[in-house]
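Beneath this line is the structure, given in structure tokens, with notes to follow.
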Amino acid sequence: MASVKVAVRVRPLNKRERDMTAKVCIHMEGKKTTISSPGVEDKDFSYDFSYWSADSKDRHFASQEQVFEDLGTDVIQSAFEGYNACIFAYGQTGAGKSYSMMGQDSAPGLIPRICQGLYSRMDSSGDDKTEFRTEVRYF
């Protein structure tokens with residue numbers, strides 16, 4: 001497991017942006033994220049994961065499940081190997097952090113999926129001698 005992974009995710013345009021007929025200026029292909037602006041040279045960036053979640057009909061669409069498979073399963077595995085694990089969401093207000101982390105009833109985010117995975121794995125351990133301790137900290 002890598003000590004730090006960096007993932008970026010593009011959310012769909014919100015109502016205000018659609019009403020203003022805003023255009024998507026970010027494009028993703030694999031690990032590469034490209035920012036385009038008229039009259040300015042494109043800027044390319046590479047990350048461990050680039051998630052295109054702007055349009056659920058697009059073939060590149062990254063679901064909550066995909067984000068969990070790529071990021072959340074390593075958190076669960078690390079915890080059971082005895083390591084501390086953390087997921088840090090950073091971005092401006094309205095960027096989609098809460099959706100990625102908490103999700104919705106129809107599409108749970110990383111936190112509920114990780115919790116479910118941790119407790120499910122504890123329940124299925126079959127070892128009555130092993131004790132588990134969980135701690136959640138909010139900063």
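The values are calculated or read from the model by the stated rules, or taken from the named source; none is laboratory data. This is a predicted model, so every value here is computed, not measured. All Cβ positions, even for glycine, are placed from backbone atoms using ideal geometry, and neighbour counts span all protein chains on display. Only protein heavy atoms, including side chains, enter the accessible area calculation; ligands, DNA and RNA are left aside. Shrake-Rupley method; radii C 1.70, N 1.55, O 1.52, S 1.80 Å.
Annotations for the structure displayed:
- The angle between the Cα long axis of helix 110-123 and the longest principal axis of the Cα atoms of the chain comes to about 20 degrees, rounded to the nearest 10.
- Using C-alpha pairs under 8 Å with a sequence gap of at least 6, the mean separation divided by the residue count of the chain gives a relative contact order of 17 percent.
- The modelled label-to-label distance between Asp55 and Phe132, using points 7 Å beyond Cα along the C-beta direction, is 4.1 nm.
- Between the amide H of Tyr51 and those of Val8, Arg9, Val10, distances stay under 5 Å, these residues lying 5 or more places away or on another chain, with hydrogens modeled in the peptide plane.
- In a DSSP loop and with at most 15 other Cβ atoms within 10 Å, the trypsin sites (Lys or Arg not before Pro) in the range 28-95 are Lys31, Lys57, Arg59.
- Mean-square fluctuations from a GNM of the chain, with a 10 angstrom spring cutoff on Cα atoms, peak among Asp123, Asp55, Asp44 at Asp123.
- The range 25-139 - percent of accessible surface contributed by carbon and sulfur, probe 1.4 Å: 50
- Working note: 222 nm ellipticity from helices only, DSSP H runs with n ≥ 4, each -39,500 (n - 2.57), summed and divided by the residues of the chain, gives -6500 deg cm²/dmol to the nearest 500.
- Were the residues from Met20 through Thr34 laid out at 0.36 nm apart, the gain over their Cα-Cα distance would be 2.8 nm.
- Between Phe80 and Phe45, full extension at 0.36 nm per residue minus the direct alpha carbon distance yields a gain of 9.3 nm.
- The lysines within cross-link reach of Lys15, meaning a Cα-to-Cα straight distance under 30 Å and a gap of 8 or more places when in the same chain, are Lys23, Lys31, Lys32, Lys43, Lys57, Lys97.
- When exposed loop sites are taken as GluC sites (Glu not before Pro) in a DSSP loop with at most 10 other Cβ atoms within 10 Å, the longest stretch of the chain clear of them is 1-80.
- Comparing mean-square fluctuations of Phe68, Phe45, Phe88 from a GNM of the chain with C-alpha springs under 10 Å, the top value falls on Phe88.
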